[in-house]
Amino acid sequence: VPDGAIMLFSGLGDIDKAQETLSVGVGALAGSTIMLLTVPFALSVYHGRVDFSGQDMMPNYKGNPKLRDGGTLSTTGVSLTPEIHHGAKMMMMTTLPYFLIQVPAFFLHGDRQEVSEGEHYWAMAGFIVCMVFFTTYLYTQVKMSNDSAHKIRRMTVIKESLKKGAMSLSGALADQVKIIEAEQFKRRASGTIFSEGSSLSPVNDIDLNPSEEVVDLLKDILSEAFRGYDQDGNGTLSKKEFSLFLTDFHENITTDQLDGVFSQFDLDNDNTIDYDEFIKACYVIITTSRDPEATNFRASPSFHASVAAPVTEHIFNDEGGDEEEQEEVPEDLTSLPPEEQQRIIKRRAFTMLFIGTALVLLFSDPMVDVLSEVAERLEIPAFYVSFILAPLASNASEVIASQYYAAKKTRKTITVALTALEGAASMNNTFCLSIFMALIFFRGLAWQYSAETISIILVQFVMGVWALRDKMSTLTATIVFSLFPLSVLFVALLEYLGLD
């Protein structure tokens, strides 16, 4: 809303003056988008960084401490989760309206009225696309929120069952795997999805490459177990360690069957399997297990006195891991019923949002005038003043919130921090850019900001590609930080070369 208000008021008033002050709005748009994707993004990685460990050098959120002294820029960093990947894809996809307005802008020259007439219907097309993307973004955020809440509850139940020894590995996960595969593949070939009550099938009959969704499920459940049974911390499991894991999780397979599964993935015959191979081996065991006792296994009375109990208790212990965020309830509401608490909290939240929006609308118009006056007195283009100063006022909340969450050093909180920044960029690409499209279409203003547009798009695609990786090191974050000042220089260079 703050960015959108600045952009709106920058295009109001006398038409000739509005064309000049519109550069303040463009500066706010470019500065907000690029700043959020560089400076706070890099600082979030820095504050949320943990040590890399294992053969694949992945972030270790179970370390104690999570960040040891002596870690280098290349051996520390954060995990980039599927939610962050989704945010990156959405961010890059929503840059399409920039292309719709910029492509004709490359070929239109002349005064404001002539350029505006040429861009008129392109602006309307861009406005419609912005609104479609904006609606789609809001829908996906609500859907992901609901799916995430359901997933967390489901993961908690499964982990609790495994922790207490109430179910075997296949008993806890077989149905979940079947549901995912039925939904995603409309039941794959027979031999991949099995019914309960059958025996272990030959490994060669099984697809050794589970879908990405199944892999994500197994990693959510078993990542802690892999680290727990990797006794020497080398990022692999020996056959002995893998056998101990299966025993503790009540998978009763014979030595020959164990050898068969293990040999499928120990391709270099060094008697070890890495994390990804471990996940695939578990998938094979889960989908081929037809032990009639698997799904209704109950721990014997002596179970909690065995070796397995303390191992599984330790593995699924939340201490030092990705602990759940505890919602803080205001002290004056703690004695009220939960339904009443939620009602009052929502009312207070909407009241604060209303007051905040009113203040933004009240001060945005004079802020545009101030930024324009500062640029005039400094004798530099208003774009550069707005590019630097506007984000400090309009995006402070995102910057502070991202650092707060990142500093907790868990996968969940770094996901919250980075997806919030990606989401802010998507909002700029949809809601805020739609305001510009409306100003061009309804007021007859001209889009003459080729250099700025190229810079915005380029930074978003660079960050989008980086965010699609599995991790980001602190070294990469340092490069990300430098993109903010480099983008200013890049705009100046393009304008020097003749772009508007």
Original post:
Name the residues in region 64-123 that are among the small types (Gly, Ala, Ser), crowded, with 21+ Cβ neighbours inside 10 Å, under 25 Å from the mean Cα position of the chain (by Cα) and not in a strand (DSSP E or B), would you?
Top reply: Gly87, Ala88
Original post:
Of everything in region 445-473 that's within 24 Å of the chain's Cα centre (by Cα) and buried (at least 23 other Cβ atoms within 10 Å of the Cβ), which residue is nearest to Ser434 (Cα to Cα)?
Top reply: Ile456
Original post:
open to solvent by 50 Å² or more (accessible area, probe 1.4 Å) and closer than 24 Å to Thr33 by Cα: does that describe Phe363?
Top reply: yes
Subject >> Cross-chain or 6+ apart pairs with Cβ under 6 Å, region 118-130 first and farther than 11 Å from Phe431 by Cα, then open to solvent by 30 Å² or more (accessible area, probe 1.4 Å) >> reply: Gly118/Leu108; Trp122/Leu100; Ala123/Phe441; Met124/Phe441; Ala125/Leu100; Gly126/Leu100
Original post:
Counting just the residues of region 202-233 that are over 28 Å from the mean Cα position of the chain (by Cα) and polar (S, T, N, Q), which one comes out modelled with the highest pLDDT?
Top reply: Gln231
Original post:
What is the one condition in (1) under 30 Å from Met427 (Cβ atoms); (2) open to solvent by less than 50 Å² (accessible area, probe 1.4 Å); (3) at pLDDT 80 or above that Ala174 does not satisfy?
Top reply: (1)
Original post:
How many of the residues making up region 442-454 are within 15 Å of Ser10 (Cα to Cα) and either of a type in the set (Asp, Glu) or assigned to a helix (DSSP H, G or I) (or both)?
Top reply: 2
Subject >> Residue list for region 253-283, restricted to those being hydroxyl-bearing (Ser, Thr, Tyr) and either surrounded by fewer than 19 Cβ atoms within 10 Å (Cβ to Cβ) or out of contact with any Pro (no Cβ under 7 Å at 6 or more places or on another chain) (or both) >> reply: Thr254, Thr255, Ser263, Thr272, Tyr275
Original post:
When you look at Leu499, is it more than 28 Å from the chain's Cα centre (by Cα) and surrounded by fewer than 18 Cβ atoms within 10 Å (Cβ to Cβ), yes or no?
Top reply: yes
**OP:** Considering (1) more than 26 Å from Lys409 (Cα to Cα); (2) open to solvent by 60 Å² or more (accessible area, probe 1.4 Å), say which one Asp56 fails and leave the rest.
**Re:** (1)
Original post:
Right, Ser238: open to solvent by 10 Å² or more (accessible area, probe 1.4 Å), out of contact with any Gly (no Cβ under 6 Å at 6 or more places or on another chain) and either free of Cβ contacts under 8 Å to residues at least 12 places away in the same chain or of a type in the set (Val, Ile, Thr) (or both) or not?
Top reply: no
Original post:
Quick check, is Gly126 closer than 21 Å to Arg443 by Cβ and not in a helix (DSSP H, G or I)?
Top reply: no
**OP:** Kindly check whether there is at least one residue in region 6-22 that is out of contact with any Cys (no Cβ under 8 Å at 6 or more places or on another chain), assigned to a helix (DSSP H, G or I) and free of Cβ contacts under 8 Å to residues at least 12 places away in the same chain.
**Re:** yes
Original post:
Which residues, taken from region 4-38, are under 17 Å from Ile400 (Cα atoms) and open to solvent by 10 Å² or more (accessible area, probe 1.4 Å)?
Top reply: Met35
**OP:** Please find, within region 205-251, the residue that is nearest to Val177 (Cα to Cα) out of those that are of a type in the set (Gly, Ala, Ser) and part of a helix (DSSP H, G or I).
**Re:** Ser223
Original post:
Is one or more of the residues making up region 253-268 closer than 17 Å to Thr288 by Cβ, modelled with pLDDT of 80 or more, touching a strand residue (DSSP E or B) at 6+ places or on another chain (Cβ under 6 Å) and not in a loop (DSSP other than H, G, I, E, B)?
Top reply: yes
Subject >> In region 395-435, the residues that are in a helix (DSSP H, G or I), modelled with pLDDT under 85 and surrounded by 23 or more Cβ atoms within 10 Å (Cβ to Cβ) >> reply: none
Original post:
Among the residues of region 442-459, is any of a type in the set (S, T, N, Q), touching an Asp or Glu at 6+ places or on another chain (Cβ under 6 Å) and modelled with pLDDT of 90 or more?
Top reply: no
Original post:
Scanning for something over 19 Å from His47 (Cβ atoms) and without any contact (Cβ under 8 Å) to a residue 60 or more places away in the chain, does region 419-429 turn up at least one residue?
Top reply: no
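The values are calculated or read from the model by the stated rules, or taken from the named source; none is laboratory data. Here the structure is a predicted model, which means the values were calculated and not measured. Every residue, glycine among them, receives a Cβ derived from its backbone with ideal geometry; neighbour counts consider all protein chains shown. For accessibility, only protein heavy atoms count, side chains too; no ligands or nucleic acids. Shrake-Rupley method; radii C 1.70, N 1.55, O 1.52, S 1.80 Å.
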